[in-house]
Number of protein chains: 2
Amino acid sequence: MKLYLIRHGIAEDKGLGIKDEERSLTKEGRQKTEKVAQKLVKLGLSFDLILTSPLVRARQTAEILIAEKLSSQLEESSHLAHDGQISSWLKDWLEPRNYSQNTQLALVGHEPDLTNWAEILLWGTELLIGGSRRSEFSEVKASLVLKKAGMIGIKLPETGSPLGRSQMFWLTPPKYLL
Amino acid sequence: MKLYLIRHGIAEDKGLGIKDEERSLTKEGRQKTEKVAQKLVKLGLSFDLILTSPLVRARQTAEILIAEKLSSQLEESSHLAHDGQISSWLKDWLEPRNYSQNTQLALVGHEPDLTNWAEILLWGTELLIGGSRRSEFSEVKASLVLKKAGMIGIKLPETGSPLGRSQMFWLTPPKYLL
């Protein structure tokens, strides 16, 4: 099974009386996301399902992917909102569905959650430095850079837990897809 | 500083009386590598220097990048041959050169060495599972998939050791560059 973790496009700024969860994509964010989606179609990608965070900017990003025919199925999941835990998503959402090996799912969400999910899939845990969480070192940046409208491709193992046993085969900023 | 770790293109098989270090790119390997190089030029990439493993298939890959004008500088380094250690390369090759912050280097080499170098740059160590080396688990695959003629883009921190403090911003198989 393959997961494509996609970060929402460029959204309007916080703090203009708009709640964070209601921030919309800007015109630029919408256009860039459309171009990325068109390129993904050209590259031959399609998804059995697009699962999105319920926040407006993620939902709008997912709707662009649907409009460009990358999938016909769209669902929302609060697991993909801020601070969603991948262990809960695996247990409560993915496992009960019993998808076949060749399923391709797109997950549209936020940072730093998506790269955190990727790290846990690849290494089984958040990355540590000398036994401490990487995020405790203010001068140390995240190990993976996921830009807005960028994506990460991860292959889950055919059997057993995906935690620490998955493989990353793709990580791209949108600029290399335009 | 940015490092682009590039795996050599498709090479002829072992065991036809050809020494491993003398294996050449196949016609398909050469053509695919040329297409990837042309796409990298289109994406606006260029390298201050291309450093290559001395093995023929890597050297030929690097020469294609030079022919397509991705760089005018080519050097060989045995650090990039099989089992080369990134700690030695950093200490003996990179540090003495005192490159400026905006330097972009391409390193052409082999697997599993390149993804091993990437893991060490991102996480400071080979990845462990329950305290054991991932490679000791025969059923567990490498965490990063680097195809022939594929590449990994890594940003080193501006100050301090790059070990465990670098960021991956790009990982792509050649099929998404053709």
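Here are the numbers for the structure shown:
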{"read-out": "Residue list for the range B:156-178, restricted to those being outside any loop (DSSP other than H, G, I, E, B), more than 7 Å from every other protein chain (Cβ to nearest Cβ) and either in contact with a helix residue (DSSP H, G or I) (Cβ under 7 Å, 6 or more places away or on another chain) or under 16 Å from A:Leu146 (Cα atoms) (or both)", "value": "B:Pro174, B:Leu177"}
{"read-out": "Members of the range B:98-120 that are among the β-branched types (Val, Ile, Thr) and assigned to a strand (DSSP E or B)", "value": "B:Val108"}
{"read-out": "Identity of the residue in the range A:85-122, charged (D, E, K, R) and under 15 Å from the mean Cα position of the chain (by Cα), that ends up farthest from the other protein chains (Cβ to nearest Cβ)", "value": "A:Asp113"}
{"read-out": "Yes/no for B:Ala67 being aliphatic (A, V, I, L, M) and either in contact with a strand residue (DSSP E or B) (Cβ under 8 Å, 6 or more places away or on another chain) or at pLDDT below 95 (or both)", "value": "no"}
{"read-out": "Test: residue in the range B:41-51 that is over 25 Å from B:Trp89 (Cα atoms), among the hydrophobic types (A, V, I, L, M, F, W, C) and touching a Phe, Trp or Tyr at 6+ places or on another chain (Cβ under 8 Å)", "value": "yes"}
{"read-out": "All positions within the range B:91-110 that are farther than 18 Å from B:Ile50 by Cβ and in contact (Cβ under 8 Å) with a residue 12 or more places away in the chain", "value": "B:Asp92, B:Gln101"}
{"read-out": "Test: residue in the range A:84-97 that is touching a strand residue (DSSP E or B) at 6+ places or on another chain (Cβ under 7 Å), open to solvent by less than 60 Å² (accessible area, probe 1.4 Å) and in a loop (DSSP other than H, G, I, E, B)", "value": "no"}
{"read-out": "Residue under evaluation A:Leu122, criteria (1) modelled with pLDDT of 95 or more; (2) buried (at least 16 other Cβ atoms within 10 Å of the Cβ), criterion not met", "value": "(1)"}
{"read-out": "Qualifying residue in the range A:52-69 (condition: surrounded by fewer than 16 Cβ atoms within 10 Å (Cβ to Cβ), out of contact with any Ser or Thr (no Cβ under 9 Å at 6 or more places or on another chain) and under 26 Å from A:Asp20 (Cα atoms))", "value": "yes"}
{"read-out": "Segments classed as strands (runs of 3 or more DSSP E), wholly inside the range A:1-79, with at least 3 members that are within 26 Å of A:Thr103 (Cα to Cα) and touching a residue at least 60 places away in the same chain (Cβ under 8 Å)", "value": "A:2-7"}
{"read-out": "Residue that is nearest to the other protein chains (Cβ to nearest Cβ), among those in the range A:125-147 that are surrounded by fewer than 19 Cβ atoms within 10 Å (Cβ to Cβ) and at pLDDT 95 or above", "value": "A:Val145"}
{"read-out": "Count of the range B:13-29 residues which are under 20 Å from B:Lys175 (Cα atoms) and surrounded by fewer than 18 Cβ atoms within 10 Å (Cβ to Cβ)", "value": "3"}
{"read-out": "Criterion violated by A:Ser77 - all others in (1) of a type in the set (Gly, Ala, Ser); (2) within 14 Å of chain B (Cβ to nearest Cβ); (3) more than 20 Å from A:Lys155 (Cβ to Cβ) satisfied", "value": "(2)"}
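The values are calculated or read from the model by the stated rules, or taken from the named source; none is laboratory data. Computed from a predicted structure; not experimentally measured. Neighbour counts are summed over all protein chains in view; Cβ atoms, including those assigned to glycine, are modelled from backbone coordinates with ideal geometry. Side chains included, ligands, DNA and RNA excluded: accessible areas come from the protein's heavy atoms. Shrake-Rupley method; radii C 1.70, N 1.55, O 1.52, S 1.80 Å.
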